[in-house]
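Engineer: First the structure, which I've put down as structure tokens, then a few questions once you've had a look.
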Amino acid sequence: MTGTAVVVGAGVGGLAAAIGLRRAGWRVTVLERRAGIERYGTAFALHPAAQDALDRLGVGEAVRRRAVPYRSAQIRTPGGRVLARLPLDRVEKKAGKPELLLSRPYLIDALLAGLEAFGDVPVKAGEAVTDTTELRAAHDLVVGADGIRSVVRGDFGTASGPRNIGSVAWIGIADFESGLHGETWGRGRFFGLTPVEPGRTNWYAAVPEGTTADDLPGLFEGWHDPVPRILTGTDPAGWLRYEMRHLHPALPSFVHGDRTALIGDAAHAMTPNLGQGACTAVLDAEALARAVARHGVTGVPQALRDYDRERRRTAQRTAFASRTLHRFVSTERTALRDGLARLLPG
Ligand SMILES: Cc1cc2nc3c(=O)[nH]c(=O)nc-3n(C[C@H](O)[C@H](O)[C@H](O)COP(=O)(O)OP(=O)(O)OC[C@H]3O[C@@H](n4cnc5c(N)ncnc54)[C@H](O)[C@@H]3O)c2cc1C
């Protein structure tokens, strides 16, 4: 016997969970507060483990069609001197596949197409959930995939909430290919460049809170090419301001009662420094669906426990590491930081 599930939120985590649950034979409904599925956003990293999870959800091939491999990246000083190399080759050797980069719209499209292929999973836009009581009464499983400001998390009775870290990121995609990729570390700010698709470059500038788009060219003036070229040569109207926040304190459990689970940012929103936001959301979604498939509708409480055991510590460790890396990179004490970076293997 299978059950009914409602997924709150149609972001990466929610769409992936809906696919997994539907593949397990469940009847699934997705509720999304926005008027439509938002297809904006820049690039996501997809680590090999997340690619494997997407394969298990049946959308790995579609994702790989639009993704590009990420094989070479360096840490640089603003003057362009290389401090360290990211060990992407080791990741690839160990996993037998490279890390990938993909634009958010393509990942959302691939997940939506995977869901639409079933033909019977309603994704109801313009449905902002404010209270889960009715959802819990009407469904065997409620999945909170509603992001960092999760309403579903309100049921958990914890003090966890979004915490600012004093930085904001301006992000965008430039219409030319950068010859170099990785991060450039300055004093209290850093700039990242990654591939995203042929002919384009994904970039992000992490700067102190309060920095406006107008301030950016001045803050990165004199940095190596193509940093100033991006900030003076691309239209600021296409840039996105991205809040760098994390969930604090960490949740004691990702599950509540006998039918509610949190996934993705709702469970463990993290700073983007390790490029793990989308990966962890996909891993959570697939792990939850797998546990539910294993235990069936009568075993939902056990499935929730299994899911929490499989994902909570790992995801929270990743969130902690990401935040720690952010502090390290955005320090004002650059000599110590750069010296340590030179010691990095790789
Ligand atoms: C439009 C958008 C653009 C983004 N762009 C980037 C980017 O460029 N780079 C980057 O690193 N990260 C970006 N992110 C964040 C990134 O997608 C997430 O950090 C990560 O993928 C985890 O996804 P998630 O599904 O857990 O949460 P989210 O992606 O935040 O998705 C949560 C979803 O739940 C919906 N929702 C929230 N509250 C309710 C409610 N009460 N009722 C119903 N629905 C609700 C939201 O509208 C959203 O669609 C973006 C997120 C969004 C929503």
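The values are calculated or read from the model by the stated rules, or taken from the named source; none is laboratory data. These numbers were taken from a predicted model, which means no experiment stands behind them. All Cβ positions, glycine included, derive from the backbone under ideal geometry; neighbour counts span all protein chains shown.
Engineer: Looking only at the range 277-333, count every residue that is more than 22 Å from residue 20 (Cα to Cα) and part of a helix (DSSP H, G or I) and tell me the total. Spell out the reasoning first.
Structural biologist: Residues of the range 277-333 more than 22 Å from residue 20 (Cα to Cα): 316-333.
Those still in the list that are part of a helix (DSSP H, G or I) too: 316-329.
Total meeting the criteria: 14.
Engineer: Which one of these does residue 207 not meet: (1) in a strand (DSSP E or B); (2) within 15 Å of the ligand (Cβ to nearest atom); (3) crowded, with 19+ Cβ neighbours inside 10 Å?
Structural biologist: So residue 207 meets the others, but not (2).
Engineer: Starting from the range 220-242, take each residue that is charged (D, E, K, R) and list its partners that are within 16 Å of the ligand (Cβ to nearest atom), counting only C-beta distances under 7 angstrom and pairs at least six apart or across chains.
Structural biologist: Listed pairs, sorted by first residue: 241/168; 241/170.
Engineer: Let me ask something else. Please work out which residue is farthest from the ligand (Cβ to nearest atom), limiting yourself to the range 264-313 and to residues that are on the phi > 0 side of the Ramachandran plot and out of contact with any strand residue (DSSP E or B) (no Cβ under 8 Å at 6 or more places or on another chain).
Structural biologist: Going residue by residue through the range 264-313, those that are on the phi > 0 side of the Ramachandran plot are 264, 275, 296.
Within this subset, residues satisfying the condition of being out of contact with any strand residue (DSSP E or B) (no Cβ under 8 Å at 6 or more places or on another chain) are 264, 296.
On the way: 264: 2, 296: 26 Å.
If we take residues in the range 264-313 being on the phi > 0 side of the Ramachandran plot and out of contact with any strand residue (DSSP E or B) (no Cβ under 8 Å at 6 or more places or on another chain), then 296 is farthest from the ligand (Cβ to nearest atom).
Engineer: Which of the residues that make up the range 3-54 are of a type in the set (Lys, Arg) and more than 15 Å from the ligand (Cβ to nearest atom)?
Structural biologist: The first filter runs over the range 3-54 and keeps only residues of a type in the set (Lys, Arg), leaving 22-23, 27, 33-34, 39.
22, 23, 27 - these are the residues of the range 3-54 that are of a type in the set (Lys, Arg) and more than 15 Å from the ligand (Cβ to nearest atom).
Engineer: Same structure again: Answer yes or no: is there a residue in the range 218-236 that is within 15 Å of the ligand (Cβ to nearest atom), closer than 30 Å to residue 77 by Cβ, surrounded by 22 or more Cβ atoms within 10 Å (Cβ to Cβ) and not polar (S, T, N, Q).
Structural biologist: no
Engineer: Looking for something within 16 Å of the ligand (Cβ to nearest atom) and within 24 Å of residue 342 (Cβ to Cβ) - is there at least one such residue anywhere in the range 63-77?
Structural biologist: Checked against the condition, which is being within 16 Å of the ligand (Cβ to nearest atom) and within 24 Å of residue 342 (Cβ to Cβ), the range 63-77 yields at least one hit.
Engineer: With respect to residue 263, determine if the residue is under 21 Å from the mean Cα position of the chain (by Cα) and assigned by TED's automatic domain parsing to the domain that holds residue 46.
Structural biologist: Numbers: under 21 Å from the mean Cα position of the chain (by Cα): yes; assigned by TED's automatic domain parsing to the domain that holds residue 46: yes.
Yes: the conditions hold for residue 263.
Engineer: Determine, yes or no, whether residue 337 is of a type in the set (D, E, K, R), within 16 Å of the ligand (Cβ to nearest atom) and either within 30 Å of residue 78 (Cβ to Cβ) or buried (at least 21 other Cβ atoms within 10 Å of the Cβ) (or both). Break it down into steps so the answer makes sense when it comes.
Structural biologist: Working: of a type in the set (D, E, K, R): yes; within 16 Å of the ligand (Cβ to nearest atom): no; either within 30 Å of residue 78 (Cβ to Cβ) or buried (at least 21 other Cβ atoms within 10 Å of the Cβ) (or both): yes.
Against the criterion (of a type in the set (D, E, K, R), within 16 Å of the ligand (Cβ to nearest atom) and either within 30 Å of residue 78 (Cβ to Cβ) or buried (at least 21 other Cβ atoms within 10 Å of the Cβ) (or both)), residue 337 does not qualify.
Engineer: In the range 110-133, which residue that is more than 13 Å from the ligand (Cβ to nearest atom) and of a type in the set (Asp, Glu) is nearest to the chain's Cα centre (by Cα)?
Structural biologist: That would be 116.
Engineer: Something else now. Which ones in the range 57-74 are surrounded by 16 or more Cβ atoms within 10 Å (Cβ to Cβ) and modelled with pLDDT of 95 or more?
Structural biologist: Initially, the range 57-74 is screened for residues surrounded by 16 or more Cβ atoms within 10 Å (Cβ to Cβ), giving 57, 59-60, 62-64, 66-68, 70, 73-74.
Answer for the range 57-74, where residues must be surrounded by 16 or more Cβ atoms within 10 Å (Cβ to Cβ) and modelled with pLDDT of 95 or more: 57, 59, 60, 62, 63, 64, 67, 68, 70, 73, 74.
Yes/no per residue for (1) of a type in the set (Gly, Ala, Ser); (2) part of a helix (DSSP H, G or I); (3) at pLDDT below 95:
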{"site": "243", "(1), (2), (3)": "no, no, yes"}
{"site": "247", "(1), (2), (3)": "no, no, no"}
{"site": "252", "(1), (2), (3)": "no, no, no"}
{"site": "266", "(1), (2), (3)": "yes, yes, no"}
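Engineer: Within the range 240-258, how many residues turn out to be more than 30 Å from residue 203 (Cβ to Cβ), crowded, with 21+ Cβ neighbours inside 10 Å and not aliphatic (A, V, I, L, M)?
Structural biologist: Going through the range 240-258 one residue at a time, the tally reaches 2.
Engineer: Among (1) crowded, with 24+ Cβ neighbours inside 10 Å; (2) more than 12 Å from the ligand (Cβ to nearest atom), there is one condition residue 316 misses while meeting the rest; what is its number?
Structural biologist: (1) is the only condition that residue 316 fails.
Engineer: Is it fair to say residue 261 is part of a helix (DSSP H, G or I), in contact (Cβ under 8 Å) with a residue 24 or more places away in the chain and within 16 Å of the ligand (Cβ to nearest atom)?
Structural biologist: no
Engineer: Looking for something under 27 Å from residue 307 (Cα atoms), surrounded by 13 or more Cβ atoms within 10 Å (Cβ to Cβ) and either over 22 Å from the mean Cα position of the chain (by Cα) or not basic (Lys, Arg) (or both) - is there at least one such residue anywhere in the range 80-97? Even if it seems obvious, please write down each step before you answer.
Structural biologist: Quick first cut of the range 80-97, residues under 27 Å from residue 307 (Cα atoms) only: 91, 94-97.
Checking which are surrounded by 13 or more Cβ atoms within 10 Å (Cβ to Cβ) leaves us with 91, 95, 97.
Filter once more, keeping what is either over 22 Å from the mean Cα position of the chain (by Cα) or not basic (Lys, Arg) (or both): 91, 95.
Checking the range 80-97: at least one residue is under 27 Å from residue 307 (Cα atoms), surrounded by 13 or more Cβ atoms within 10 Å (Cβ to Cβ) and either over 22 Å from the mean Cα position of the chain (by Cα) or not basic (Lys, Arg) (or both).
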